[in-house]
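The structure appears below as structure tokens.
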Amino acid sequence: MKPRPFKLIRVDSAEGASEALARHGEEARILAGGQSLVPMMNFRVAAPAVLVDINACTGLGGITRTGDIIRLGALTRHRETATSTLVADALPLLAMAMPHVGHLAICNRGTFGGSLAHADPAAELPACALLLDGSVVIGSLRGERRVAAADFFRGLYTTAIEPDELLLAVEFQARRPNAVFAFHELARRHGDFALAGIAASAIRVGEMLGDIAFVGFGIADRPVLLPSVARLAAGALPRLPQIAALKEALAADVEILPDNQQSPAMKAHIVAELILDALGQLSRKGTA
Amino acid sequence: MTKNIGSARPRDDVRLLLDGRGTYLDDVPVTGALHVAFLRSPHAHADIAKIATAAAAALPGVVRVVTASDLAAICHGWGSSQTFPGLVERRQTALAATRAVYQGQPVAAVAAETRAIAEDGVEAIEVDWRPLPEMAALDHALEPGAAPAHGDLASNLAYSGTIGANIDPAIWKEAAHVLEESFIFHRVTGVPLETRGVVASYLPADGSLTVYQSHTAPHQLRSLYAMHLGLDEGRIHVVTPQVGGSFGVKIHLYPDEIATCAIARLIGRPVKFIADRLESFTADIHAREQRVRARVALGADGRFLAWQVDCLLGMGAFSTHPGSSVQEGDETVRLAATPYRVDAFAGRVDVAFQNKTIVGQYRGVGHPMASAVTEYMVDRSAEALGVLPEELRRRNYVPDDAYPTTSASGLPLDALSHRKCLDEILRLMDMPALRLAQAAFRAKGVYRGIGLSAFIERTATNVPVNAHVRKATAQDGVTLHIDPSGSVRAAITVTEQGQGTHTAIAQVIADALGVPFERVTVISGDSAATPYGSGIRASRGAPVGGELALKAGRALRRNVLAAAATLLQVAPDDLTLDNGTILRRGGGRGVRLDELAEAVHFRPQLFQHGAQPNLSVAMHFGHDWPTLVPTNGIQASYLEVDARTGMVRLLHHWAVDDFGTLINPLLAAEQVRGGIAQGIGQALYEELLYSEDGQLTNATLADYLLPKASDLPDITVGHVETPWPHSELGAKGAGEAGTTGALGAVLTAVNDALRPLGAKITEMPMTPERILRALGKI
Ligand SMILES: Cc1cc2nc3c(=O)[nH]c(=O)nc-3n(C[C@H](O)[C@H](O)[C@H](O)COP(=O)(O)OP(=O)(O)OC[C@H]3O[C@@H](n4cnc5c(N)ncnc54)[C@H](O)[C@@H]3O)c2cc1C
């Protein structure tokens, strides 16, 4: 479990990283928190010839607010996201999701950008980014571009980032008034990747829920929006939909894939139960 | 008299280890050691048409690439030990020559300047694999037409044996109730925190081999390496430094370890192999892959008229070395139903070859399944009769005063205490209150379960019938010396893997000799420092090592008193030794042990002419007790099943054990707690997942789910002490009881929780998915 030999380039700016990427192309990989990449290198399932270490870059970290836009720099550590009052106020969904991410040691190093760029289908942050309609800011020597989260995740560990590009930041719209959120997942042990999870949002006015949206994760090759489920749930209000009907709607939205421990049927059942939990939470007064 | 035996002392090496100053295998300094990495078979079953090593050998830093043909002259290979007559045997070599029969089997090795370079070398080796049909799934292994795990096998049946006597068929017809159930136990492994490893150095100059190995039995290794490598045993020195857990994984000898020593011999330079976690998962012994069928005939009065227990064990591609893989299945059947009076018992063990990793002896060896199957059937029996589970247990236990006796499966048993243990656990649990709470939760739609699991363990193996073949369990030995400072050094054959053997042995010696605990230092794990003898296996440290220490301590005490008597010019019987001071019984000046030792070592003139006082003892002990040392205990689990998700939340766990004389209640309780964690792992979390074609798919600690501290409940540990009547110390084995009882306790508790929902589950681990299937939700 030792990596293949590689060259390490430490850069101190996004431009430096872009230059290194432009020079080494497909041979190079960005090293952020290393919590996903380094294990893969040790197993030799990833063997980049060049590692571009961005940990010393200035300007890639930090959580800032400009008007209604909250920007999380690529190097924002999970721990920082989890403890940020700005996030708690303006992006409550993220605050709900963070306690489910990894263990403390991992959160001290793992980064927001790394999590999105890695695009693990069972990861929490990509699911949140999709539900919140985040805008992913990507840069290279060719310039900067923005990709909507819905177009960013392309499949298993695959994103819209080109080999010469660097994820710079993710921007989110701050929470709208009356917006409510729920986040539920099931993991066999605390800190494990979820065997399935649900992020949910809605607008609540008095007792009424509107604009319900769900993202499921840990069930396909990427996080997925569940529009049929949302329609079913909206139609059933104020009551909760039946599990069987939920499973049907889910099947219309996504073909659930197994992992090495759980069958699609198991995942569908869990997602259906989590959707009920989420709906319960969305309708409950006093919740975010 | 100072009492150390019975006192709850923490391990004396805890501070050292917490300071990070322990010397584990990787900390052993060896100058100029090369690192060895293995190319392991990626296939479960495949012919090796050709191995091309030139590219690997050409890499800078690679010193040697080794294949089976390089080792053939040094190391011939080995068969299985015939501890179970009739076991079909297939020869193994350290590196597979022409065919690999399980994924992870070592095929070639690279010795290089660093481990990373050695791994580069492994990647550069090209093997022309010709995959063969593989036999992985145990359920199909014995079907006609199943692919054979070895090309020349007519059937995958490696062993078949019967236990007990035939049951009169009329019993099944006449019984008030006949209950039948099948159980599935999936493969698990031991996962010691420190992985296996070997540092070997061969000196061509004098033909000596020095081996440092993370193992439990240095002398056994010496004998085995002499056998495998054709070396003079007298020139082999084995050291097992600090060992970070074994759980049975490190009582075996593995092909990669033999290969490492053979490579040291081949190239004449020190070499080091440390298994990484991936290799540990694929190449450490696996365990527990069993299918068990149980059938119970029950009288209307609740009497057990007959038990039939049949076990099919998947053993992997070979029988483990030394010892035998059959043992696990044999113990499962032999120990089934043993706590109870049973009129008739019949059992059968079938063992199947598979193209999978070898199955060996993991903590508890068969006993957890014996207990889980038995206790599940007892609960079902209680249900059929409409009595409380604890009530049926109490009624049917072999009474505590009925020992010695022989179980219906033919095991001699002695000094057990099922009723006392049951009473104690019910008291600790406050069972009536717990049942009320359970009922209140059920009324609210919350499904909580209470489960009990009693068991008998067989501990402290000693000098079995083909011990000479297995080199496994020999007579034990100890030497005791008193230094001029009065400190006592004990060099003993039972070893330390983190369970506190040294502390317990020191407690016994301190009392037997009459010195403060702090004056005793225990050394083990070095074949040059201790006499020949077995190491640790089968919970033998306290009952066998402790008994030996007691006898030796008393012998040394006699020497000390004789020396003091000469010095003080009195009769030895007039002297006592306590807390390091020798006193005259009638009063008057005595002498401190350090003063006496100083005199013995440096001032012989103080003693009368001709006296040669001797402050040392060497003693050996191979127990001739009528049986292995049986122990018993009972565990209870209280848990909640989430009927929506199938998740199990453990609320509390209790254990009451009879380890005979307790040398150290704290260490015994720690053994119980750690063992329970592993039993809970098997019950709810751990499973080595294989694909149909024999590929292990979860060989990482992220995917193989060990319970973490936060997944475990609080554990209350209680004790009952029925001393082992055949020894002076009275101690019994304590190392495996936790693992043994926990599986059944969680199994019966989950089923208790599911009962009102009309569901049952008998496949372990009881994952959320399996529980949801049992509930018919998916
Ligand atoms: C035991 C364990 C448990 C975990 N549990 C969870 C969990 O429950 N939920 C969860 O979401 N995660 C979990 N993780 C993963 C953790 O959150 C990772 O840190 C995260 O997914 C990746 O972030 P990183 O900064 O470590 O990225 P790295 O490992 O450094 O990189 C990951 C990938 O992203 C690329 N990359 C990183 N940053 C950029 C960038 N700015 N631009 C372009 N490409 C980039 C890298 O090249 C690499 O391909 C776990 C990890 C471990 C080891």
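The values are calculated or read from the model by the stated rules, or taken from the named source; none is laboratory data. Just so we're clear, the structure is a prediction, and the values are computed from it rather than from any experiment. Reconstructed Cβ throughout: ideal geometry from the backbone, glycine too, with neighbour counts over all protein chains shown. The protein model used for the area step is the full one, side chains on, heavy atoms only, and it has no ligands, DNA or RNA in it. Shrake-Rupley method; radii C 1.70, N 1.55, O 1.52, S 1.80 Å.
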The stretch B:271-319 -> Rg/Rh from Cα coords, Kirkwood Rh, value 1.35
Could you state the per residue volume, in Å³, of the convex hull enclosing the Cα atoms of the stretch B:506-584?
-> 99
Report residue A:267's accessible area, 1.4 Å probe, all protein chains in place, as a number in Å² to the nearest 10.
-> 10
DSSP-defined beta bridges in the protein assembly as shown - what % are antiparallel, rounded to 5 = 80
For chain B, share of DSSP beta bridges that run antiparallel, in % to the nearest 5 | 80
Taking only protein heavy atoms into account and a 1.4 Å probe, give the accessible area per residue of chain B in Å².
-> 34
Sites residue B:227 and residue B:430 - FRET efficiency at Förster radius 60 Å, r taken between beta-carbons, to 0.05 | 0.60
With every protein chain in place, what's the accessible area of residue A:111 (1.4 Å probe, Å², nearest 10)?
-> 10
Amide H neighbours of residue A:169 at under 5 Å, excluding residues fewer than 5 places away on the same chain, with H built from the backbone geometry, are A:74, A:137
Please turn the phi angles of the stretch B:428-435 into ³J(HN,Hα) values with the Karplus equation 6.51 cos²θ - 1.76 cosθ + 1.60 (θ = phi - 60°), one per residue in order, whole Hz, x for glycine and proline.
-> 4, 6, 6, 3, x, 5, 5, 5
Dipole magnitude of the stretch B:182-336, debye to nearest 20 (Cβ charges: Lys/Arg +1, Asp/Glu -1, about Cα centre) | 160
List the relative contact order of chain B as a percent without decimals, with contacts defined as Cα pairs under 8 Å and 6+ residues apart.
-> 16
Going from the alpha-carbon gyration tensor of chain B, what semi-axes, largest first and in whole Å, does one get by taking the root of 5 times each eigenvalue?
-> 43, 38, 22
Percent of Cα pairs exceeding the 18 Å cut-off, where the set is the stretch B:277-416 = 58
When the gyration tensor of the stretch B:464-619 is built from Cα positions, what are the square roots of 5 times its three eigenvalues, in whole Å, from largest to smallest?
-> 32, 15, 13
Hey, if you put +1 on the Cβ of every Lys and Arg and -1 on every Asp and Glu Cβ in the protein assembly as shown, which of A:218, A:125, B:114 ends up farthest toward the positive end of that dipole?
-> A:125
Report the full-extension gain for the segment residue B:523 to residue B:614: residue separation times 0.36 nm, less the Cα-Cα distance, to one decimal in nm.
-> 30.7 nm
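Rounded to the nearest 20 Debye, what is the dipole magnitude of the stretch A:82-191 about its Cα centre when Lys and Arg each give +1 and Asp and Glu each give -1 at the C-beta? The partial results should precede the final answer.
Values: 9 positive and 11 negative charges, 46 e Å.
In debye, rounded to 20, the stretch A:82-191 gives about 220.
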Protection proxy (average C-beta count within 10 Å per residue), highest first, orders B:716-723, A:171-178, A:23-30 as B:716-723, A:23-30, A:171-178
If only Cα atoms are counted, what is the Rg of the protein assembly as shown, and what is its Dmax, in Å?
-> 32.0, 108
Among the stretch B:709-752, those whose backbone N falls under 14 Å of a label point 7 Å along Cα→Cβ from residue B:7 are none
A correct Karplus calculation of ³J(HN,Hα) over the stretch A:184-194, with 6.51 cos²θ - 1.76 cosθ + 1.60, θ = phi - 60°, whole Hz and x for Gly and Pro, returns 9, 8, 10, 10, 4, 10, 4, x, 6, 4, 5
Please report Rg over Rh for the stretch B:559-639, where both radii come from the alpha carbon positions and Rh follows the Kirkwood definition.
-> 1.32
Label-point gap, in nm, between residue B:177 and residue B:98 - each point 7 angstrom along Cα→Cβ | 5.8
Using protein heavy atoms only (no ligands, DNA or RNA), what is the total accessible area buried between A and B, 1.4 Å probe, nearest 100 Å²?
-> 2500
Relative contact order [Cα under 8 Å, 6+ residues apart], chain A, whole percent = 16
Counting sequence-distant residues (5 or more places) and residues on other chains, those with an amide H built under 5 Å from that of residue B:337 are B:374
Relative contact order in percent for the stretch B:553-651 (Cα pairs under 8 Å, 6+ apart) equals 21
Can you run phi through the Karplus equation (6.51, -1.76, 1.60; θ = phi - 60°) for the stretch B:15-32 and list ³J(HN,Hα) in whole Hz, with x for Gly and Pro?
-> 4, 4, 5, 5, 6, x, 9, x, 10, 7, 3, 5, 8, 5, x, 9, 6, x
Output row, site residue B:606, 7 Å Cα→C-beta label point, backbone N cut-off 16 Å, window the stretch B:474-503, residues B:482-487
Counting pairs of Cα atoms in the stretch B:1-133, how many percent are more than 18 Å apart?
-> 67
Square roots of five times the C-alpha gyration tensor eigenvalues of the stretch B:612-657, ordered largest first and given in whole Å, equal 51, 15, 9
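Averaged over B:528-537, how many beta carbons belonging to a partner chain fall within 10 Å of each residue's beta carbon?
Mean inter-chain Cβ contacts per residue within 10 Å come to 0.
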Averaged per residue, what accessible surface does the stretch A:154-288 expose to a 1.4 Å probe, in Å²?
-> 42
What residues of the stretch B:27-54 lie in the reach of a label at residue B:205, counting those whose backbone N is under 17 Å from a point 7 Å from the Cα along Cα→Cβ?
-> B:30-33
For the stretch B:168-258, report the translational diffusion coefficient in µm²/s to the nearest whole number, using Stokes-Einstein at 25 °C, 0.890 mPa s, and a Kirkwood Rh over Cα pairs.
-> 150
Fluctuation leader among A:132, A:141, A:91 - chain A, Gaussian network, Cα springs under 10 angstrom | A:141
Simple spin-label estimate for residue B:31 and residue B:157 in nanometres, 7 Å along Cα-Cβ | 6.0
Is there a simple number for the mean count of other chain Cβ atoms within 10 Å of the Cβ of residues in B:423-429, and what is it?
-> 0
Peptide-level mean, for B:769-777, of C-beta atoms on other protein chains within 10 Å = 3
Compute the projected area of the convex hull of the Cα atoms of the stretch A:135-246, averaged over all viewing directions, and report it in nm² to one decimal place.
-> 9.1
Heavy-atom accessible surface of the protein assembly as shown: percent carbon and sulfur, 1.4 Å | 52
Largest fluctuation, A:118, A:184, A:103 only, Gaussian network model of chain A with Cα springs under 10 angstrom, belongs to A:103
Counting sequence-distant residues (5 or more places) and residues on other chains, those with an amide H built under 5 Å from that of residue B:580 are B:515
Among DSSP beta bridges lying fully in the stretch B:428-587, give the percent that are antiparallel, nearest 5.
-> 70
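At a Förster distance of 60 Å, what's the computed FRET efficiency of residue B:303 paired with residue B:193, Cβ-Cβ distance as r, to 0.05?
Values: r = 47 Å, r/R0 = 0.78.
The pair residue B:303/residue B:193 has a calculated efficiency of 0.80.
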